[in-house]
Amino acid sequence: MKKTTRSLIVGLMLSGSFSFAQTKETSKDPVIANIIKEETENSQLEKIASELMDGIGPRLVGSPQMQQAHDWAIAKYKEMGIPARNEKWGEWRGWERGVSHIDMVSPRVKSLEGMQLAWSPSTKGQAVIAETIIIPDLADSLAFKKWLPNVKGKFVMISMNQPTGRPDYNWEEFGTKESVEKMKVDRNTQTEAWTKRINKTGYTARTLPVALEKAGAVGIVMCYWSKGFGANKIFGANTKIVPTIDISVEDYGLLYRLTESGIKPKISVRADSKELGVVPTFNTIAEIKGTEKPNEYVMLSAHFDSWDGGTGATDNGTGTIVMMEAMRLLKKFYPNPKRTILVGHWGSEEQGLNGSRAFVEDHPEIVSNLQALFNQDNGTGRVVNITGQGYLHAYDYLGRWLSKVPAEYKKGLETRFPGAPGGGGSDFASFVAAGAPGFSLSSLNWSYGTYTWHTNRDTYDKIVFDDVRNNAILAAILAYQASEDPARTSTEKSVLPLNEKGEAGAWPAKRSPTRKGGLD
Ligand SMILES: [Zn+2]
């Protein structure tokens, strides 16, 4: 009877948004009440966020800071009385970022805002001073080949000069309709022309820097503006000998205009870094052993690595501290779970979900006995979206578990069932590809894509702790409920909708990780 009523209610929720009503039953559950009380009165989130983001810093795969973070996590779990281990899954090029000092020294002196990209070669302990030169608009690759010797001894600017350093929302707030439209048309035209200019060199964004350094350039200067005030995306360098530096949209524009007008500005670049050979890569796994069904698993999941322009605070420091804090709450108030509760802090998600794909490959006994996995990896916001990832009966168990979460902790939460299986984006997809019940706790965006995702502005100050606290409570309750559920979760797949070609939709394929990366 109860089941029938529930299915009916859940049936009504099948699509669109809905809000859950707080039931008396929920607030009476002592585990949930304790979790909420502890997290409200004695949260450790600010402390662990500062230790990780400020103390250790960014966590680029293969860097000593990534290793430090793994060791720090083990120590934190030890403090909580939770056994944890670092599981080696591969190897990567070891590299450590040092200082980046970039100054314009002629026609006047100005320190420039910028930094070397990850894995950039160093300037070997000294500053290199040279003129800048811009990739010209030439007829074809033959003409480019003839021009190429001009780069010898120069810093080569390979990015377009942005026509505006103001984000679109700022234009839309203050600009006239006509000027906003004109700006957008001009920018599109300019962007297309720049893409053509680069294509005509006969090289790609990846191969061009290598051709330039071979021709004697002393460094590559670029600007990957993230379309927000102060924000640039910082990825990896393609050069092998000379540094690749990214400069703010303001300072890049300054250099570009001076260079274009024939003034021949000079910049001084010092980029320090260390090559550390081949280093092992890990996942950190912590475990609260199950008492009744120790060979069935509930997993909390968040990637541990980051890009290194900022400190990886929202990608994925926040997911990391959510799961770590949830484990602390579970250990404290639910120390003898029915099923084993694991947390996976994955390595090298940013280079292709490598840590989680390796875990799926290396632990079939866990993946095939997975009750549920909850991953969080899209910023600092409250969780507002959960889908069934294409599992036909996910509405039933996720709906039941979510019904135990007090309304305050699922404000604005929408669910979609059965949803579509995620083919990538974050580590839950590694599990979904294996047919295991992996779910994404998807959060409110807080301008994630523009301001923090892979940018130099992804730092502690962008963390919204109220939302992160909310998510730690939510993750802990979901893990508790998944562990307690008398039934095993169904992983029966729904029939996927036809794709654009009218063919039957295919479940995402399981993929192997890169086990040896960053090495030629
Ligand atoms: Zn991420």
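The values are calculated or read from the model by the stated rules, or taken from the named source; none is laboratory data. Just so you know, these numbers come straight off a predicted model, no measurement behind them. In this analysis, Cβ positions are derived from the backbone assuming ideal geometry, glycine residues included, and neighbour counts consider all displayed protein chains. Protein only, heavy atoms only, side chains kept; ligands, DNA and RNA dropped before computing areas. Shrake-Rupley method; radii C 1.70, N 1.55, O 1.52, S 1.80 Å.
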*Selected residue [part of a strand (DSSP E or B) and either under 25 Å from Tyr448 (Cβ atoms) or of a type in the set (A, V, I, L, M, F, W, C) (or both)] from Asp272, Asp308, Asp315, Asp246*: Asp246
*Residue list for segment 434-475, restricted to those being of a type in the set (A, V, I, L, M, F, W, C), in contact with a helix residue (DSSP H, G or I) (Cβ under 6 Å, 6 or more places away or on another chain) and within 20 Å of Asp168 (Cα to Cα)*: Trp453
*Failed condition for Ala205, given (1) in contact with a Pro (Cβ under 6 Å, 6 or more places away or on another chain); (2) modelled with pLDDT under 95, with all others met?*
(1)
_The lone exception for Asp186 - which of (1) touching a Ser or Thr at 6+ places or on another chain (Cβ under 7 Å); (2) open to solvent by 40 Å² or more (accessible area, probe 1.4 Å); (3) among the acidic types (Asp, Glu) it fails_ = (1)
*Within segment 251-265, is there a residue that is open to solvent by less than 30 Å² (accessible area, probe 1.4 Å), in contact with a Ser or Thr (Cβ under 8 Å, 6 or more places away or on another chain), part of a loop (DSSP other than H, G, I, E, B) and touching a residue at least 12 places away in the same chain (Cβ under 8 Å)?*
yes
*Give just the number: which of (1) of a type outside the set (A, V, I, L, M); (2) in contact with a helix residue (DSSP H, G or I) (Cβ under 7 Å, 6 or more places away or on another chain); (3) in a loop (DSSP other than H, G, I, E, B) does Gly505 not satisfy?*
(2)
*Taking segment 434-455, which residues are surrounded by fewer than 22 Cβ atoms within 10 Å (Cβ to Cβ) and away from the ligand (no atom under 16 Å from the Cβ)?*
Ala434, Gly435
*Can you work out which of the residues in segment 285-311 that are away from the ligand (no atom under 16 Å from the Cβ) and of a type in the set (S, T, N, Q) is most open to solvent (accessible area, probe 1.4 Å)?*
Asn295
*Among (1) within 16 Å of the ligand (Cβ to nearest atom); (2) in contact (Cβ under 8 Å) with a residue 60 or more places away in the chain; (3) part of a loop (DSSP other than H, G, I, E, B) - the single one Ser430 does not satisfy*: (3)
*Just give me the residues in segment 228-244 being crowded, with 18+ Cβ neighbours inside 10 Å and touching a helix residue (DSSP H, G or I) at 6+ places or on another chain (Cβ under 8 Å), in sequence order.*
Gly228, Ala231, Asn232, Ala237, Asn238, Thr239, Val242, Thr244
*Within segment 349-387, which residues are open to solvent by 10 Å² or more (accessible area, probe 1.4 Å) and in contact with a Leu (Cβ under 6 Å, 6 or more places away or on another chain)?*
Arg382, Val384
*Which one is farthest from the ligand (Cβ to nearest atom), of the residues in segment 312-341 that are surrounded by fewer than 24 Cβ atoms within 10 Å (Cβ to Cβ) and polar (S, T, N, Q)?*
Asn336
